[in-house]
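Taking it in order: structure first as structure tokens, then the write-up.
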Amino acid sequence: EVLVVPGPINHPNFAGSHKLIREGAELITSVDDVFGALGITAKDRSADISEATPEEGLVLAALRKSSEPLHIDKIIERTKLETHKANQTVSLLVIKQIIIEDRGGYALI
């Protein structure tokens, strides 16, 4: 299944996205669209925190201990995760709507 975020109609960087949508890819305009396409319900999302992976647990613990949003570099420093693993974990936590990007960093919702 292909999910695509559209862009401005006249912007050349989005020609490929628009072509995919015309060819039947699913149009995505919000996180809820992604969850819907993947068959994930709100109930499933609430279970995500209790079923966090070890990496998600490290990131969430680092964010809980901070009084302000943490930049990805600080998350990497505090969790000792490899850069690609930290970025992947943070991205998934944002998609799951457990954390948000806030003031150039990440924070718990």
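The values are calculated or read from the model by the stated rules, or taken from the named source; none is laboratory data. Just so it is clear, the structure is predicted and the values come from calculations on it, not from any experiment. Using ideal geometry, Cβ is built from the backbone for each residue, glycine included, and neighbour counts are taken over all protein chains shown. These area figures cover heavy atoms from the full protein model, side chains too; ligands, DNA and RNA do not enter into them. Shrake-Rupley method; radii C 1.70, N 1.55, O 1.52, S 1.80 Å.
Among the residues making up the range 3-28, a single one is in contact with a helix residue (DSSP H, G or I) (Cβ under 7 Å, 6 or more places away or on another chain), of a type in the set (Val, Ile, Thr) and surrounded by fewer than 15 Cβ atoms within 10 Å (Cβ to Cβ): Val5.
Residue count for the range 64-102, restricted to those that are more than 28 Å from Gly39 (Cβ to Cβ), touching a residue at least 12 places away in the same chain (Cβ under 8 Å) and of a type in the set (A, V, I, L, M, F, W, C): 4. Take the conditions (1) modelled with pLDDT of 95 or more; (2) of a type outside the set (A, V, I, L, M); (3) closer than 27 Å to Gly7 by Cβ; (4) surrounded by 14 or more Cβ atoms within 10 Å (Cβ to Cβ); Lys96 misses just one of them, which is (1). Across the range 65-87, the number of residues qualifying as open to solvent by 30 Å² or more (accessible area, probe 1.4 Å) and over 15 Å from Glu101 (Cβ atoms) comes to 10.
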